[in-house]
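Structure, as structure tokens:
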Amino acid sequence: MMGTAHGSALGFAGGVAVTALAGSWPPAALAGLVAVVAAVSWWTTPAGAALTAAQCWGLYASFVVGHGGHLVPDWPALAVLTAAGATSLLPLRPHWSRESPTPRPRESNAQAR
């Protein structure tokens, strides 16, 4: 697992690459940014995942939907990117992925001696 700063930086770099490659095709750009958010979220902290989702949304809203760096808020895209980051973090929740321990029966006094 990488730290928050490294995860955020990796997410920003991936977001810039996807935006540069698929900037004129909004559905392809959003799909690529979702892949970046999901991949980076798998390897970073929850804060790094949140920062990556926010950065990718900013890139999408500024350079794909809004041209020339002008921010055009696209709230459905933010929801999609946030869901991608949250879904990738599910394995970090240990009580969701492991079975609860089975309680052992108490030993009687006769067996304990």
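Residue-wise HN-Hα couplings along the range 38-48, as the Karplus relation 6.51 cos²θ - 1.76 cosθ + 1.60 with θ = phi - 60° gives them from phi, are 5, 5, 5, 4, 5, 9, 10, 7, x, 5, x Hz; Gly and Pro carry x. Computed from the Cβ-Cβ distance with R0 of 22 Å, the FRET efficiency linking Trp43 to Ala79 stands at 0.45.
Here the gap between Ala5 and Ala86, fully extended at 0.36 nm per residue and compared with their Cα-Cα distance, gives a gain of 27.4 nm. Working from label points 7 Å from Cα in the Cα-to-Cβ sense, the Val16 to Val65 distance is 2.3 nm.
In terms of the mean number of neighbouring beta-carbon atoms within 10 Å, the peptides 42-53, 63-74, 19-30 order highest first as 42-53, 19-30, 63-74. Beyond 13 Å, the tail of the calculated P(r) for the range 2-41 holds 46 percent of the Cα pairs. For the range 4-90, the ratio of Cα radius of gyration to the globular rule of thumb 2.2 N^0.38 Å stands at 0.95.
FYI, it's all coordinate maths here, none of it is from the lab. Predicted, not measured: the structure shown is a model, and the values here were computed from it. As a convention, Cβ positions derive from the backbone with ideal geometry for all residues, glycine included, and neighbour counts pool all protein chains shown.
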